[in-house]
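Undergrad: Just dropping this structure here.
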Amino acid sequence: MLEDARGSANIPFKINSACRCESHNKKIGGVKDSAHVKGLAVDISIPSDGARFAILSALLNVGFLRVLVYPTFIHVDLDLDKPNPIIKIMK
């Protein structure tokens, strides 16, 4: 799905974070039940407002249902143990 979204957005996706071990997740302040630890999440860097719109649109178009938009990145995951669907603007 991520590759399909990248193709749809027609811009490179710079992945800041993907699968994490529990130790690293704790070290960087990740939540205890992080989808990253399960290998179900990525954080995509946002270089501009135009890129934010293109990436967000593409993620939704290919069927991602959990999207958290931060000022400098978009978190997307496939963790069905968390509330779905959700789009949340984070600060």
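Undergrad: Of the residues that make up region 25-43, is at least one in contact (Cβ under 8 Å) with a residue 40 or more places away in the chain and acidic (Asp, Glu)?
TA: Yes, some residue in region 25-43 is in contact (Cβ under 8 Å) with a residue 40 or more places away in the chain and acidic (Asp, Glu).
Undergrad: Six or more apart or on different chains, Cβ under 6 Å: which pairs go from a residue in region 49-63 that's closer than 17 Å to MET90 by Cα to one that's polar (S, T, N, Q) and loosely packed, with under 13 Cβ neighbours inside 10 Å? Could you list them?
TA: none
Undergrad: Can you pull out the residues in region 39-62 that are under 13 Å from the mean Cα position of the chain (by Cα), small (Gly, Ala, Ser) and part of a loop (DSSP other than H, G, I, E, B)?
TA: Across region 39-62, the qualifying residue is only GLY39.
Undergrad: Whether any residue in region 63-82 is assigned to a loop (DSSP other than H, G, I, E, B), exposed (fewer than 13 other Cβ atoms within 10 Å of the Cβ) and in contact with a Ser or Thr (Cβ under 9 Å, 6 or more places away or on another chain) is what I want to check.
TA: yes
Undergrad: Additional query: Right, VAL67: in contact with a Leu (Cβ under 9 Å, 6 or more places away or on another chain), within 20 Å of ILE87 (Cβ to Cβ) and either modelled with pLDDT under 95 or of a type in the set (Val, Ile, Thr) (or both) or not?
TA: Yes.
The values are calculated or read from the model by the stated rules, or taken from the named source; none is laboratory data. Quick caveat, the model's predicted, so the values are computed rather than measured. No Cβ is skipped: glycine too gets one built from the backbone with ideal geometry, and neighbour counts run over all protein chains shown.
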